[in-house]
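Presented below is the structure to which this report refers.
No lab work stands behind these numbers, since they all come straight from the coordinates. Only a predicted model underlies this, so the values are computations on that prediction, with no experimental measurement involved. Here the Cβ is made from the backbone with ideal geometry for all residues, glycine too, and neighbour counts use every protein chain on show.
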Amino acid sequence: MRNPVNKQLDRLPGPARVAADWLIGIAIAVAIVLAVRAWVVTPYAIPTASMEPTLHCVPSGIVKPSPPGSSLQPGQNQSSVPKRSRAYSLNGCQGGSFLGIRFADRVLVNRFIFDFRSPHRGEIVVFKPPRVASLMCGDLNTSVLVKRLIGLPGDKLIEKSGTIYVNGKKLDEPYVKPDRRDTLSGIWRIGKHEYFFMGDNRKDSCDSRIWGTVPRKNLIGPVFMTYWPPNRISFS
């Protein structure tokens, strides 16, 4: 059976048929891009210092052009750490320099992989934070965060003067640089279907230690690639 769209196009005069063909092709391409962005892979930018130096944001006061992408800042749980406000900062941002211009890192996130497997400890994940995070983290005004997954369902986490222990064993964290580690202490028990996130820049990260755990349904996906600036291209 002949495609009914083609039958209608054949009735148009030559120039109109060519124009209609182009418009249909462009519409299909746009629909595919939007579908991929919504359900498969989504780009995000890093605007704060909470994941330095693993992921760069841009130092304050620097205006930078960059490719399009969503701006990104990665159930409650009781903690022995006193609840307190902790604002984000740009003071610790390194920024990726390319052609003499400083850029924030831009990353790609796999939106579907958690439909087929469980999140892994150590992954950098983009997620929707609990509502209380916006109250505990000062001027936080973004709908998503990017952090490293530290605690899994059923875990008992202990932080002693900045060192993390998971179920009694010290967690090896080469991604936390000595000058970025803080001296906080606390104890957390992770509930069922809940996840505990921390920034690599512990001195400048408002994370699960402050506002609690994140339900599984709020996890968007893991970061699998840094794609901008060009000299920062890498795969996770």
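For the residue pairs K169/K192; K160/K217; K128/K170, the C-alpha atoms sit more than 25 angstrom apart in K160/K217; K128/K170. Normalised by the number of residues in region 84-236, the mean separation of alpha-carbon contacts (under 8 Å, six or more apart) gives a relative contact order of 33 percent. Coupling constants for region 155-165 follow from the phi torsions by the Karplus curve (6.51 cos²θ - 1.76 cosθ + 1.60, θ = phi - 60°), and in residue order they are 6, 10, 9, 10, 10, 10, 6, x, 9, 9, 10 Hz; glycine and proline get x.
Quick one: net charge of I187's neighbours, Cβ under 9 Å, K/R +1, D/E -1?
Overall, the nearby charge balance is +1.
Using unit Cβ charges (K, R positive; D, E negative) and no other charged atoms, how large, in debye to the nearest 20, is the dipole of region 165-236 about its Cα centre? The dipole magnitude comes to about 200 debye. In order along region 145-153, the Karplus-derived 3J(HN,Hα) couplings, from 6.51 cos²θ - 1.76 cosθ + 1.60 at θ = phi - 60°, round to 10, 10, 8, 8, 6, 10, x, 9, x Hz, and Gly and Pro are given as x. Placing dummy labels 7 Å off each Cα toward the beta-carbon, the span from S234 to K192 is 3.9 nm. Ranked by the mean number of other Cβ atoms within 10 Å per residue, highest first, peptides 171-183, 209-221 order as 209-221, 171-183. Remark on V126: its backbone amide H falls under 5 Å from those of I220, G221, V223, a criterion applied only to residues 5 or more positions apart or on other chains, H modelled at 1.01 Å from N.
Proximity of backbone amide H atoms, modeled 1.01 Å from N, is registered between V144 and Q73 at under 5 Å, excluding neighbours fewer than 5 places apart on the same chain. Summing +1 for each Lys or Arg and -1 for each Asp or Glu, what net charge is found among the other residues whose Cβ lies under 15 Å from the Cβ of F116? So the surrounding residues net to +1. How much net charge surrounds E52 when only other residues with a Cβ under 14 Å from its Cβ are counted (Lys, Arg +1; Asp, Glu -1)? Once positives and negatives cancel, what remains is +3.
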